[in-house]
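The values are calculated or read from the model by the stated rules, or taken from the named source; none is laboratory data. Everything quoted here is computed from the prediction, not taken from an experiment. Backbone-built Cβ (ideal geometry, glycine too); neighbour counts: all protein chains shown.
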Amino acid sequence: MLWLIIVTVPVEAIGYYFQGLRERPPGWLFPSYQILECTLLGGYFASLAVLRKYRNLIFFAVPPVVILNVVYLLNRAGYKILATYSFLLSAFLTTCWCITYFFQLFKERDAQDPAHNPNFWICAGLLFFYAGTFFQMGFTNVIYDKNPDLAKELYVINHLLNCFLYGMITYGFICQSKYRK
């Protein structure tokens, strides 16, 4: 998870910089990031999966996101909708992985108290963020064709979800050091 944070911070900073300029970030930035993000999240959730069949499902779910992003990077003008579909697929997969983790966590009889489990807080943040952005981005993309200014204003929802996500991840890291005894 630490690698994901290390990769995410510069990408978010670049995105906010361009947003301040009222320009779009470079077209290669977010698809390239999404390849890394989905791969790292897949590895994270595979490491949490107890059953081998869940790990295998995760490993087979990552390549379609990677392929969609690579195709988009190779021909951004011709396949602009791929960026949206790739993000929605990635958000859907991450949401499913979080839900699977929670089912697994609560099925364990001698499971660690969720309040003291860093993965619980990290997955709660990921679930809230990706479930929220799945609907927010889908909705924003539908509105964008009719009212681009309103669609841009809806990105404030994404910023709030980001704040919640990073807060939960931070709390997960605090739990990890606090309850590591």
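The condition of being surrounded by 16 or more Cβ atoms within 10 Å (Cβ to Cβ) and either in contact (Cβ under 8 Å) with a residue 60 or more places away in the chain or within 24 Å of residue 81 (Cα to Cα) (or both) does not hold for residue 100. On the stretch given as the stretch 103-122, residues that are under 14 Å from residue 46 (Cα atoms) and touching a residue at least 60 places away in the same chain (Cβ under 8 Å) total 1. Look at (1) more than 24 Å from residue 51 (Cβ to Cβ); (2) touching a Ser or Thr at 6+ places or on another chain (Cβ under 9 Å) and you find that residue 131 fails only one, number (1). Residues that are of a type outside the set (Phe, Trp, Tyr) and modelled with pLDDT of 85 or more within the stretch 102-115 comprise 104, 105, 107, listed in sequence order.
Residue count for the stretch 115-135, restricted to those that are among the polar types (S, T, N, Q) and surrounded by fewer than 19 Cβ atoms within 10 Å (Cβ to Cβ): 1. Residue pairs whose Cβ atoms lie under 6 Å apart, separated by 6 or more positions or on different chains, with the first residue in the stretch 14-31 and of a type in the set (A, V, I, L, M) and modelled with pLDDT of 80 or more and the second surrounded by 15 or more Cβ atoms within 10 Å (Cβ to Cβ) and assigned to a loop (DSSP other than H, G, I, E, B), are 14/25. Determine, yes or no, whether residue 62 is hydrophobic (A, V, I, L, M, F, W, C) and within 15 Å of the chain's Cα centre (by Cα). Here the answer is yes, as residue 62 does meet what is asked.
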